[in-house]
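Single-structure report; data block below.
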Amino acid sequence: MAVVLSACASSPPTPAPRARPSGAALTDVRRVVVVTTGESRFTVMQEAKEPGRGFDEVMKWLPAKDLLVPIARAVYSGLSWLIESDRAAGTVPRDVVPGTVVADAFARALQVSGPFNQIVSVDREPVGDDRRLADAIVRLTVPSWGLMRVREGDADAVAGFADVRAQMVVRETGVIVWEHEEDVTQPGRLSLDAYKRDRGLTRQELVDVLERAGRRLATELLYAQDGRR
């Protein structure tokens, strides 16, 4: 009993979890630099990557299935990846930089509706006067974007999507005062063939969904700044 009590007495108290900053932490932020970071992957997700029931029905009759089934699944996944990569290569608009489109839409929305005095959008980490004069830095990433299959309705229908992330850091302290993740999908539905036939349409739809994502992030930041979240 003495040993147990002494062990308990010597154990340091468990530190309390660090609280997330509230909207009040954003009240002094007036000059913001928006920068895009990270890599973006364009994808066209048309079919499920896992083999279906028909695949399993065929595989169960194979001899030495414990050895062959994992190999067949690996081959199936590899072929699915090649097909997806081919779709993406034939659809991606080469002149669209997703992070830049999101950042510009984010900055424009804040300039119109936000309480900030200055919003500057740059394509790399700010240095010099751009960094010294900023109250906070917002880092935006677009890990993935492209076209995805829409499960409701027509099985051939796809829509533009963008997976976006944002984080605001106070320059002087390095404290994260706001962060948000958003998966945005275009309301419009078209066939993949329609996107492939009309590159101008594809470009416009993808730019629209990226701008929509930027405005959504701006709205979330304004909610946080007002202390409603």
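The values are calculated or read from the model by the stated rules, or taken from the named source; none is laboratory data. This one's a predicted model, so the numbers in the text were calculated from it and none came from an experiment. Don't worry about glycine lacking a Cβ; one is built from the backbone with ideal geometry, like all the others, and counts go over all protein chains shown.
Annotations for the structure displayed:
- Lone qualifier among GLY214, GLY146 - being at positive phi and either in contact with a Lys or Arg (Cβ under 9 Å, 6 or more places away or on another chain) or hydroxyl-bearing (Ser, Thr, Tyr) (or both): GLY146
- The strands (runs of 3 or more DSSP E) found wholly in the stretch 125-229 and carrying at least 2 residues that are surrounded by 15 or more Cβ atoms within 10 Å (Cβ to Cβ) and in contact with a Ser or Thr (Cβ under 8 Å, 6 or more places away or on another chain) occupy 136-149, 157-170.
- Qualifying positions in the stretch 188-214 - in contact with a helix residue (DSSP H, G or I) (Cβ under 9 Å, 6 or more places away or on another chain), touching a residue at least 60 places away in the same chain (Cβ under 8 Å) and not basic (Lys, Arg): LEU192, TYR195, THR202, LEU206, VAL207, LEU210, GLU211, ALA213, GLY214
- Selection status of THR185, at pLDDT 90 or above and among the hydroxyl-bearing types (Ser, Thr, Tyr): yes
- Every residue from the stretch 97-124 that is of a type in the set (S, T, N, Q) and in a helix (DSSP H, G or I): THR100, GLN111, SER113
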